[in-house]
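Notes follow once the structure below has been shown.
The values are calculated or read from the model by the stated rules, or taken from the named source; none is laboratory data. Computed from a prediction, not measured in an experiment: that's the story for all the values here. All Cβ positions, glycine included, derive from the backbone under ideal geometry; neighbour counts span all protein chains shown.
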């Protein structure tokens, strides 16, 4: 019975969508009355049993945990990267980086990650010897511990995590030259 309540609360939490705490409580009282007659004496006994359960769920956290679990099952490599990632700082990204995206035409591709910040802390990224798909990564900044690349028009293109001294994610890997 209590498992059913927990599952029901989880479904309510997922359907809520917002960061609302969902709670559910139930109790059942069962009464049994027994009457016995022994000669001239009649005895009546009533027994009551109450069973209860309570569950509380934060819908947003439950949804996030389920979503992450599903994604981890579908892409174990990304799950490993997420576990190993450390928060990047702007200073981690400065300088020259060798870039790879698994493509055939990528030998000698590198980025120079500039230090001079522009609007909203966005800095230039200069590609050298890279194919067009990587030359689109023209600007960068560190946001919430990730390296975020933007196009010249300001469109977000890639987010990379800082793992063991390199940036990885979205099919791109950057290592220090």
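Data for the structure
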quantity: Those residues of segment 98-138 which are farther than 14 Å from residue 149 by Cα, touching a residue at least 60 places away in the same chain (Cβ under 8 Å) and not in a loop (DSSP other than H, G, I, E, B), in sequence order; calculated: 98, 100, 110
quantity: Residue within segment 129-142 that is touching a strand residue (DSSP E or B) at 6+ places or on another chain (Cβ under 8 Å), surrounded by 15 or more Cβ atoms within 10 Å (Cβ to Cβ) and at pLDDT below 80 present; calculated: no
quantity: Test set (1) modelled with pLDDT of 90 or more; (2) closer than 17 Å to residue 92 by Cα - residue 151 fails condition number; calculated: (2)
quantity: Selection within segment 105-122 - under 18 Å from residue 136 (Cβ atoms), in contact with a helix residue (DSSP H, G or I) (Cβ under 9 Å, 6 or more places away or on another chain) and modelled with pLDDT of 80 or more; calculated: 109, 111, 113
quantity: Flag for residue 63 being assigned to a loop (DSSP other than H, G, I, E, B) and either out of contact with any strand residue (DSSP E or B) (no Cβ under 8 Å at 6 or more places or on another chain) or outside the structural domain of residue 24 (by TED's automatic domain parsing) (or both); calculated: no
quantity: Residue 91 vs. criteria outside any strand (DSSP E or B), in contact with a strand residue (DSSP E or B) (Cβ under 7 Å, 6 or more places away or on another chain), more than 16 Å from residue 173 (Cα to Cα) and at pLDDT 85 or above; calculated: no
quantity: Test: residue in segment 73-84 that is touching a strand residue (DSSP E or B) at 6+ places or on another chain (Cβ under 6 Å) and at pLDDT below 75; calculated: yes
